[in-house]
Structures are given as structure tokens and as C-alpha cells.
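Below is one structure, written out as C-alpha cells, with a few remarks after it.
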Amino acid sequence: MSSRVEVDVTMAATDTRPAFKINVSTADKALYGQPAQLRLIARYRERDPRTEIKERTIYRNDLKIGEKPLEFAVPLDDLRRYSYPGRRIDISLISVVRLG
């Protein structure tokens, strides 16, 4: 049986600072009270003849899955940053929740 946790990440502002607004929820009652870890991963893909994909965790948070959705904001200033040299790149944000 596959468990399901939903993560919604949107842009918002907190105290005039740009931030990600994050909502973590589940309808699976078996997960209530379970510890989990949320990671936001930046994936960089360079579009050239030698396509290269790199990923880095830019945010990590330990949390507990509950009956009510968890909502919190992460100011962009709080994210780990790094540079990636490249001319034609695609950048994706991936959210991963690991249970247990």
C-alpha cells in the first residue's frame, strides 16, 4: 500500500520578505503522528550536447505529519544558495517528504 503526502509550495511574502509558503497534508490516517523530513531540492539541467543534471538540497525541515495540514513560510534568505555556471539551464524546485 502506498502512502500519500501532498506538498504545495507557492511564492508569498512575510513581513515584506519574499518566501516560499509550504503546505504539507495527508488524508491517510495511518500517517498521523509520524515523523517526517521535508526537503526542497534545486535541480539544474544544462541544455547542451552533454546534458548535465545537478541537484542540491536547499532546505530541510523535520516535522510531524498531523491530521491538520502543516503550513509555514520559508524566507528565501533562509535557503542554502549556490551558483551553477551555464548558458542554457533549466531550474526546477522539487519537494521530497521522507517518512519515518
- line: If we ask which residues in region 1-28 are free of Cβ contacts under 8 Å to residues at least 12 places away in the same chain and over 21 Å from THR57 (Cα atoms), their number turns out to be 5
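Among the listed residues ARG80, ARG39, ARG45, identify the single one that is of a type in the set (Lys, Arg), free of Cβ contacts under 8 Å to residues at least 60 places away in the same chain and within 14 Å of LEU99 (Cβ to Cβ).
Values: ARG80 fails: within 14 Å of LEU99 (Cβ to Cβ); ARG45 fails: within 14 Å of LEU99 (Cβ to Cβ).
Residue meeting the stated conditions: ARG39.
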query: Quick one: is GLY33 part of a loop (DSSP other than H, G, I, E, B), surrounded by 13 or more Cβ atoms within 10 Å (Cβ to Cβ) and small (Gly, Ala, Ser)?
result: no
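Yes/no per residue for (1) within 20 Å of MET11 (Cβ to Cβ); (2) modelled with pLDDT under 95; (3) over 17 Å from the mean Cα position of the chain (by Cα):
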{"position": "THR26", "(1), (2), (3)": "no, yes, no"}
{"position": "ILE41", "(1), (2), (3)": "yes, yes, no"}
{"position": "ASP48", "(1), (2), (3)": "no, yes, yes"}
{"position": "TYR59", "(1), (2), (3)": "yes, yes, no"}
{"position": "GLU71", "(1), (2), (3)": "yes, yes, no"}
{"position": "LEU79", "(1), (2), (3)": "yes, yes, no"}
{"position": "SER95", "(1), (2), (3)": "yes, yes, no"}
{"position": "ARG98", "(1), (2), (3)": "no, yes, no"}
task: For region 43-100, enumerate the residues that are touching an Asp or Glu at 6+ places or on another chain (Cβ under 9 Å), surrounded by 11 or more Cβ atoms within 10 Å (Cβ to Cβ) and of a type in the set (Lys, Arg).
output: ARG43, ARG45, ARG47, LYS54
message: Consider region 48-77. How many of its residues are touching a residue at least 60 places away in the same chain (Cβ under 8 Å) and among the small types (Gly, Ala, Ser)?
response: 1
statement: Reported set for region 2-30 where residues are exposed (fewer than 12 other Cβ atoms within 10 Å of the Cβ), assigned to a loop (DSSP other than H, G, I, E, B) and at negative phi is SER2, ARG4, ALA27
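The values are calculated or read from the model by the stated rules, or taken from the named source; none is laboratory data. Keep in mind the model is a prediction, meaning the values are calculated, not measured. Ideal geometry is used to build each Cβ from the backbone, glycine not excepted, and the neighbour counts take in all protein chains shown.
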